[in-house]
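These notes are about the structure you will find just below.
All of the numbers you see were taken from the coordinates with simple rules; none came from a lab. The model shown is predicted, which means the values in this text are computed figures rather than measured ones. Cβ placement follows ideal geometry from the backbone for every residue including glycine, while neighbour counts extend to all protein chains displayed.
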Amino acid sequence: MTHIARLDSRALIRVSGPDARPFLNNLLTQSVEDMKPGELRFAALLSPPGRLLFDLFVWAEETALVLDVAGDRREALLQRLTMYRLRTPVDISIPADAVFAAWNTDGAAPVSGFACDPRLPGLGGRRYGDQSEINAEEADWTAHRMAQGVPGAADWPDDKTYPIEANFDLLNGVDFHKGCFIGQETASRMKRRGAIKNRMMTLAFDGPPPPFGAEVLNGERRAGEVRSSTDGLAMALLRVDRLDGELTVEGRPVVLRRPAYIPQGDAAADA
């Protein structure tokens, strides 16, 4: 069955003008210069020390690039883009279009008219417009994303998380072969050295969802903390050296659901 939901938690920014592509290419973790109209890519804007400020999708139009960002962070991103723009000939505006997501319960490709989510095929697709027939709620989409083991904007509410800790390197969110971008040195060094101590993964549980920041324990040792949760599932930032054994949150047992895109032999995840 195909599900379609309007994502009211997301908002859009359009960047146009003759230098729109090189301007964003120099800022974002993802290469955008060679994008074709209708193509969708996943990216982030980092702080100079290399921590996550904004997760976003980049949608290519004929003469512009549209940024799909968390709605409560759009104003902050607008201010940051304006600060970096200086005298670069680009126009920054706010389109009225909404964000829609479509996914299939059997993991099949997204329905016609939706660009494939670049993070994982099983996530489905996204489209932008003024209307779309919907048959699901945003909460359904969130539960589907978390079941796939993919973190979201609620999992990095501040500027303390590195993109690799949020699995951006495994979800096509960082192009390590492109030219420079803000925070590149730190991101590249972490990936090159495999010095990754934490990863975001899904936990399954019974009972009420644990709150943000709830401690995850492995026995008596701290193993991480909960970042976001929904019915039966929570996204947690976990120490990769403390995944084996019985995990608990607030005294309740939880079950680790290590996503398939983080392979057991991954050098970074198993460092």
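Residue separation times 0.36 nm, minus the C-alpha to C-alpha distance between D206 and D130: what's the value?
Details: separation 76, 0.36 × 76 = 27.36 nm, distance 3.85 nm.
Net length gain for the segment: 23.5 nm.
Can you pull the one-decimal nm distance between simple spin-label points at D19 and D34, each 7 Å off the Cα toward Cβ?
Output for this residue pair reads 2.4 nm.
What's the exposure ranking of R85, R21, R199, going from fewest to most Cβ atoms within 10 Å? Show your work: numbers first, answer last.
On the way: R85 17, R21 20, R199 25.
Listed from fewest to most nearby Cβ atoms, that is R85, R21, R199.
Note down the relative contact order for the range 194-257 as a percent, whole number, built from C-alpha pairs under 8 angstrom at least six residues apart.
Numbers: 147 pairs, mean separation 25.6, N = 64.
Worked out over the range 194-257, it gives 40 percent.
Sticking with the crude label model, points 7 Å out along Cα→Cβ, report the distance from T248 to E138 in nm, one decimal please.
So the label points at T248 and E138 sit 3.6 nm apart.
Report the FRET efficiency, 1/(1 + (r/R0)^6), for R193 and C116, where r is their Cβ-Cβ distance and R0 is 22 Å, rounded to 0.05.
0.10
Neighbouring Cβ atoms within 10 Å as the yardstick, rank M1, M146 fewest first. Write out the running numbers ahead of the final one.
Details: M1 8, M146 24.
Fewest-to-most Cβ neighbours within 10 Å comes out as M1, M146.
What value, in deg cm²/dmol to 500, does the helix sum -39500 (n - 2.57) over DSSP H runs of n ≥ 4 give at 222 nm once divided by the residues of the chain? Can you show the working numbers first?
Values: 4 runs with 38 residues, N = 271.
When only DSSP H runs of four or more count, the value is -4000 deg cm²/dmol.
Defining a contact as two alpha carbons under 8 Å apart and six or more residues distant in sequence, what relative contact order in percent does the range 1-109 show? If you can, show how the numbers build up before the last one.
Working: 200 pairs, mean separation 46.5, N = 109.
Relative contact order of the range 1-109: 43 percent.
With +1 on each Lys and Arg Cβ and -1 on each Asp and Glu Cβ, how big is the dipole of the chain about its Cα centre, in debye rounded to the nearest 20?
Values: 32 positive and 38 negative charges, 182 e Å.
That gives a dipole near 880 debye.
Below 8 Å between Cα atoms, with a sequence gap of 6+, how large is the relative contact order for the chain in percent? Mind dumping the intermediate values first?
Values: 604 pairs, mean separation 52.4, N = 271.
After rounding, I find 19 percent.
What does the C-alpha gyration tensor say about the overall shape of the range 46-170? Classify as rounded when a/c is under 1.5, otherwise prolate if a/b is larger than b/c, or oblate.
Oblate, since a/c reaches 1.5 and b/c is not below a/b.
Place +1 on the Cβ of every Lys and Arg and -1 on the Cβ of every Asp and Glu in the range 2-149, take the dipole about the Cα centre, and give the residue among I134, P118, I4 whose Cα lies farthest towards its positive end.
P118
Which length gain, in nm to one decimal place, applies between Q264 and D241 when the Cα-Cα distance is subtracted from 0.36 nm times their residue separation?
Working: separation 23, 0.36 × 23 = 8.28 nm, distance 1.25 nm.
Going from the current span to full extension adds 7.0 nm.
Can you tell me how much longer the chain between K160 and A96 gets when fully stretched, taken as 0.36 nm per residue apart minus their C-alpha distance, in nm with one decimal? Write out the running numbers ahead of the final one.
Values: separation 64, 0.36 × 64 = 23.04 nm, distance 3.13 nm.
Answer, rounded to one decimal: 19.9 nm.
Less than 22 Å apart at the alpha-carbon level, and either on another chain or at least 8 residues along: which lysines does that give for K160?
K191, K197
What number in nm² do you get for the range 190-261 if you take the convex hull of its Cα atoms and divide its surface by four? Numbers along the way, then the final one.
Values: hull surface 19.9 nm².
Answer in nm², one decimal: 5.0.
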